[in-house]
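Below is one structure, written out as structure tokens, with a few remarks after it.
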Amino acid sequence: MREQWSSKTGFVLAAAGSAVGLGNLWKFPYTVGMNGGGAYVALYLLFVLLIGMPLMLAAITFGRKTQLSVFGAYKSISRRWAFVGALAVICGFFILAFYSTVGGWVLYYLQAALRGQLNTIDPAHLEAVFSQLLASPIQLICYQFIFLLITLVIVLGGIRKGIEKASKLMMPALFLLLIIIAVRSLTLEGSMEGIRFLFTPDFSKITPDLAMYAMGQVFFSLSIGMGVMITYGSYLDKKVNLVQSAVMIPLLDTAVALIAALATIPAVFSFGFEAGEGPGMMFITLPAVFASMPFGQVFVILFFVLVLFAALTSSISMLEVAISYFVDEKKFQRKSSAILISIAIFIMGIPASLSLVAKNQLFSIGSLSIFDLYDKLTSNILLTTGAFLLSIFIGWVLKPENAIQEIEASGIHFRLAKVWSALIKYIVPVGVLIILIQSYQEFISALLR
Ligand code: PFF
């Protein structure tokens with residue numbers, strides 16, 4: 001008998017825990033900044049609704065139906081499709097390899113906050129803190145190691161105890177704190193320019209590249225395309241209303257991403273940081289917001305604790321995908337596979353961290369640093385491919401009728417069944433395929449540049 005979630009909220013919180021992470025807090029705001037604001041945000045929202053939600057339902061339904069983790073789930077329906085499961089496992093390795101780099105930054109910032117080093121609104125000082133970190137290979141690697149170690153320790157503590165208990169407390173706390181920061185950020189002088197930047201889309205800015213980045217970010221943020229939601233769905237009880245979960249999780253995830261952007265972007269304009277700052281944006285901008293509010297010193301510590309937690313509930317989910325593959329398929333012991341996988345990811349992660357040290361030539365391929373390479377390879381290639389294949393598989397191999405039967409097994413009537421079937425059979429695969437072709441072209445030419 002498989003272990004099951006002790007309650008529906010347990011699943012929703014854990015799945016939302018996987019979805020909400022550095023993708024929302026760190027990546028969304030800075031990619032909004034780099035991609036010119038409103039048009040990117042608008043496309044993002046459109047893709048969440050038309051592509052993210054239908055795929056979320058497909059994934060958790062598929063998982064619950066088969067009661068297997070990703071590789072076994074595909075294999076149980078068709079042996080020829082087992083490779084999609086393998087792709088998912090590989091993708092998990094690559095995401096964690098650079099996710100742990102950023103997780104390490106969070107740890108570094110947590111200790112800097114504890115030592116009171118972030119208490120300033122001076123852009124030059126805050127930029128220097130970030131550059132100093134990037135200039136220190138030993139620190140980068142040590143903090144990355146600690147982040148992976150914490151992930152490993154939690155995973156070895158067991159699914160329910162580790163993930164479920166903690167999410168119940170930390171997720172609402174994070175939500176609340178983000179709202180407080182957003183309010184402060186929005187009341188800063190000159191913050192209106194940030195609002196305009198975020199919410200007045202200039203549709204002439206929409207290009208194939210922009211659509212590619214927005215879609216990749218949707219998959220990354222929702223944890224879709226590498227089997228996390230299939231695996232988590234497999235632990236679900238038949239009574240749970242899957243439709244409700246498939247709407248709630250993306251809504252929550254998108255709300256967090258938007259609030260994170262509202263907390264960051266207006267402050268970027270108000271303090272005079274660069275909108276196109278890149279991966280350092282959250283780390284450079286938010287300390288300035290904290291420094292300009294009462295009890296900022298306390299809040300900044302709390303903030304990095306909660307960001308760390310959000311990152312961990314996501315990294316746990318990625319590690320879980322790989323572990324369940326080796327345990328279910330290769331009959332490895334859980335403990336030893338968890339340790340071996342973590343070591344492999346750490347080794348893969350070192351060049352990702354080092355590639356950012358003074359734009360090290362040694363750790364780049366073509367025009368991409370290893371960090372960017374892992375990022376693009378996962379969001380734009382592997383996750384997008386995984387999402388495409390998931391839609392084809394559910395739409396044409398498993399068939400929507402069978403999925404709908406599983407959805408209705410909880411005793412509900414799925415009113416949007418027809419709409420969902422059409423989306424998953426036609427709209428999603430065609431939409432994702434168009435982007436996917438663009439992504440492959442773009443990725444290969446970046447490697448050759
Ligand atoms: N969704 C996570 C985030 O936004 O930080 C990252 C992630 C987790 C991506 C799990 C993919 C995944 F399978």
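Quick note: the coordinates plus some simple rules give every number you see, no bench work behind them. Note that the structure is a prediction, hence the values are computed from the model and not measured. Positions of Cβ are generated from backbone atoms using ideal geometry, with glycine treated the same way; all protein chains shown enter the neighbour counts.
Under a Cβ-only charge scheme (Lys and Arg +1, Asp and Glu -1), can you give me the dipole magnitude of the chain about the Cα centre, in debye to the nearest 20? Please list the in-between numbers first.
Details: 29 positive and 21 negative charges, 305 e Å.
Around 1460 debye, computed over the chain.
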- request: Note the full-extension length gain between Thr187 and Ala128 as 0.36 nm times their separation in residues minus their Cα-Cα distance, in nm to one decimal.
  value: 18.6 nm
message: I'd like to know how the chain sits against the 2.2 N^0.38 Å rule of thumb: what's its Cα Rg over that expected value?
response: 0.93
query: Given springs between every Cα pair under 10 Å in a Gaussian network model of the chain, which of Ala97, Ala15, Ala42 has the largest fluctuation?
result: Ala42
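Stick to Cα atoms and the Kirkwood definition of Rh, then tell me Rg/Rh for region 245-284. Write out the running numbers ahead of the final one.
Numbers: Rg = 12.8 Å, Rh = 11.3 Å.
My calculation puts Rg/Rh at 1.14.
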- line: Here the Cα Rg-to-2.2 N^0.38 Å ratio for region 154-288 is 1.27
task: Please work out whether region 276-357 counts as rounded, prolate or oblate from its C-alpha gyration tensor, where a ≥ b ≥ c are the square roots of the eigenvalues and a/c under 1.5 means rounded, while otherwise a/b larger than b/c means prolate and anything else oblate?
output: prolate
- request: With runs of 4+ DSSP H residues as the only contributors, calculate the mean residue ellipticity of the chain at 222 nm using -39,500 (n - 2.57) per run, divided by the residue total and rounded to the nearest 500.
  value: -23000 deg cm²/dmol
task: Mind pulling the angle between the C-alpha long axis of helix 296-330 and the longest principal axis of the chain? Nearest 10 degrees, somewhere in 0 to 90.
output: 30
- prompt: Most fluctuating residue of Arg80, Arg334, Arg64 in a GNM of the chain with Cα springs under 10 Å: which is it?
  reply: Arg80
task: Report the residue, chosen from Thr207, Thr384, Thr66, that carries the largest GNM mean-square fluctuation when the chain is represented by alpha-carbon nodes joined by springs under 10 Å.
output: Thr207
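Test of understanding: given the chain, find the longest segment containing no GluC sites (Glu not before Pro) that are in a DSSP loop and have at most 13 other Cβ atoms within 10 Å.
In the chain, the maximal stretch lacking such sites is 190-449.
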